[in-house]
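The values are calculated or read from the model by the stated rules, or taken from the named source; none is laboratory data. No experiment lies behind these values; they were computed from the predicted model shown. Positions of Cβ are generated from backbone atoms using ideal geometry, with glycine treated the same way; all protein chains shown enter the neighbour counts. To get the accessible areas, we keep the full protein, side chains included, count just its heavy atoms, and leave off ligands, DNA and RNA. Shrake-Rupley method; radii C 1.70, N 1.55, O 1.52, S 1.80 Å.
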Amino acid sequence: RGMALGGDRRIASIDEAKQLADEAHFGFAAVDVVLDRAGYGALLRDGAGRVMLLRRHGAHFAARMLDSHTGARLDRNFITLTTSDPHFGTVTLDLGAQAQEWAGSFRRLAT
């Protein structure tokens, strides 16, 4: 417990997701945010159209910028993402009604 390795940490709010994104990539100013319904992750878009994926990694959160090599599969309210970083793994987020909108936006990602 003292090493903060355990626990069930989740993203509780849009403000927390924005703070985590800024910590992961200094200066990333999210203008659009969607949270996974369970709080295990989030997608954030900045004013330049860049998209960041946050996912839980133990008691912390890891972040990756998405690019044109990102694989996305939509299944109703769920979106499954595979980043170009093979070590990051595959992430499935329950985005509710916003899943379709976000899945469509990945076609515009930069290389």
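Of note:
- Selected residue (only one of Val51, Val31 is open to solvent by 50 Å² or more (accessible area, probe 1.4 Å) and in contact with a strand residue (DSSP E or B) (Cβ under 7 Å, 6 or more places away or on another chain)): Val31
- Test: residue in region 8-22 that is over 20 Å from Leu95 (Cα atoms) and either of a type outside the set (Asp, Glu) or part of a loop (DSSP other than H, G, I, E, B) (or both): no
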